[in-house]
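The values are calculated or read from the model by the stated rules, or taken from the named source; none is laboratory data. Not measured: the values here are computed from a predicted model. Methodologically, a virtual Cβ is constructed for each residue, glycine included, from the backbone with ideal geometry; neighbour enumeration extends over all protein chains shown.
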Amino acid sequence: MQRVSSSQQPAAPILPKRTAAPMPIQSISPPAPPIQFPAARSGPATQAGPHARPLVLRRHPLALVPRLVALLVAIGAVALAAAAWHSAPLLLAGLAVGAGAIALQVVEWREFEITVRYDRVKVRRWHLLSVQQTTYALPGFLGLTCEQELFEKLLDTGTVVLSLPHQRMCFKMLTPYSALDAMIGW
């Protein structure tokens, strides 16, 4: 038996030669969650299909302002004419007609709605003292345009333009526009 002195090192074991480059050490991390774009969100308001909840759009209350201002100016003109002629019946008749016109404008605003579903769009509006409901199938559309200006963005309103084969319908001051934006995914 040979004795190994402390100055001598034992011979290294013989290992097979490597032919490939060494593999880098990889850290194991959980997989990243899939990216979800706004159109891919799931939920009852954004799902397409027969079980999806329809989106209801209405006119913003500010849509009433121009009409009501015009009616109030007309009532004021009738009141001035009644005061100039000292006619109480004219004043009462003007106030009654003006109040009726204001009530009609408020009812027309309240009854207006657009319902958007995955397969059709229903427009409900007040027409000649009755409610008119019209349904349009989406395959019949030539185009559906949604527009929103800066002031409308602040109020969460917008404009929807429905292009049909024989007509073009423009609906302004619709709210909530953000829900329409989320449903369509723009």
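With respect to the conditions (1) surrounded by fewer than 17 Cβ atoms within 10 Å (Cβ to Cβ); (2) over 11 Å from LEU57 (Cβ atoms), GLU152 falls short on a single one, namely (1).
Residues of the stretch 134-186 that are closer than 20 Å to ARG124 by Cβ and aromatic (Phe, Trp, Tyr): TYR136, PHE141, PHE171, TYR177. Give the stretch 52-66 a look and list any residue that's assigned to a helix (DSSP H, G or I) and in contact with a strand residue (DSSP E or B) (Cβ under 6 Å, 6 or more places away or on another chain), or say none. Selection gives ALA63 alone. Within the stretch 125-146, is there a residue that is of a type in the set (Gly, Ala, Ser), over 20 Å from the mean Cα position of the chain (by Cα) and either outside any strand (DSSP E or B) or over 21 Å from ARG53 (Cα atoms) (or both)? So far as the stretch 125-146 goes, yes, one or more of its residues are of a type in the set (Gly, Ala, Ser), over 20 Å from the mean Cα position of the chain (by Cα) and either outside any strand (DSSP E or B) or over 21 Å from ARG53 (Cα atoms) (or both). Applying the set (1) surrounded by 14 or more Cβ atoms within 10 Å (Cβ to Cβ); (2) more than 20 Å from LYS172 (Cα to Cα); (3) not aromatic (Phe, Trp, Tyr) to LEU80 leaves exactly one unmet item: (1). Here ALA93 meets the list (1) exposed (fewer than 12 other Cβ atoms within 10 Å of the Cβ); (2) at pLDDT 90 or above; (3) within 27 Å of GLY76 (Cβ to Cβ) almost entirely, failing just condition (1). With respect to the conditions (1) touching a residue at least 40 places away in the same chain (Cβ under 8 Å); (2) over 24 Å from LYS172 (Cβ atoms); (3) among the hydroxyl-bearing types (Ser, Thr, Tyr), SER87 lacks only one, and its number is (1).
State whether the residues of the stretch 119-134 include one that is of a type outside the set (Ser, Thr, Tyr) and under 17 Å from ASP181 (Cβ atoms). Yes, the stretch 119-134 contains a residue that is of a type outside the set (Ser, Thr, Tyr) and under 17 Å from ASP181 (Cβ atoms).
Restricted to the stretch 159-174, and to residues that are farther than 13 Å from ILE114 by Cα and not hydrophobic (A, V, I, L, M, F, W, C), which residue is surrounded by the most Cβ atoms within 10 Å (Cβ to Cβ)? Among those residues, the one meeting the criterion is SER163.
With the condition kept exactly as written, say whether any residue in the stretch 96-114 is at pLDDT 85 or above, in a strand (DSSP E or B) and in contact with a strand residue (DSSP E or B) (Cβ under 9 Å, 6 or more places away or on another chain).
The answer is yes, given that some residue of the stretch 96-114 is at pLDDT 85 or above, in a strand (DSSP E or B) and in contact with a strand residue (DSSP E or B) (Cβ under 9 Å, 6 or more places away or on another chain).
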